[in-house]
Amino acid sequence: MDLDFHGLQDLSSYCIDQFCERSGDNTLKEMLNFYKCYRAYVRGKIGLFTAADPAVDEAVKKSCIEAAGKYFALAESYTN
């Protein structure tokens, strides 16, 4: 999910393929999008919690909100 977030989908796929091949776990890919979606959603939520903290600087809040939006969009992309 982190590699996907940073635009490295090819590397993400390569790592997953290598893990499946070396571990012999051929069922991993069946659940992978569920877990990627979950992790991206959690990252988005954490960003919004951070942005809602009154002690956080305005620039950091803005950055957290932007990142949260990207994480939520990424989470949604795993449901298609």
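A few notes on this one:
- Scanning the stretch 9-22 for residues that are of a type outside the set (D, E, K, R) and over 20 Å from Y41 (Cβ atoms) gives L11, S13, Y14, C15, Q18, F19, C20.
- Residues being among the aromatic types (F, W, Y) and without any contact (Cβ under 8 Å) to a residue 24 or more places away in the chain - total across the stretch 1-34: 2
- Among residues of the stretch 12-65, those that are touching a Leu at 6+ places or on another chain (Cβ under 6 Å) and either farther than 16 Å from S77 by Cα or surrounded by fewer than 15 Cβ atoms within 10 Å (Cβ to Cβ) (or both), counted: 1
Bear in mind these aren't lab numbers, they're just calculated from the coordinates by the rules spelled out. This one's a predicted model, so the numbers in the text were calculated from it and none came from an experiment. In this analysis, Cβ positions are derived from the backbone assuming ideal geometry, glycine residues included, and neighbour counts consider all displayed protein chains.
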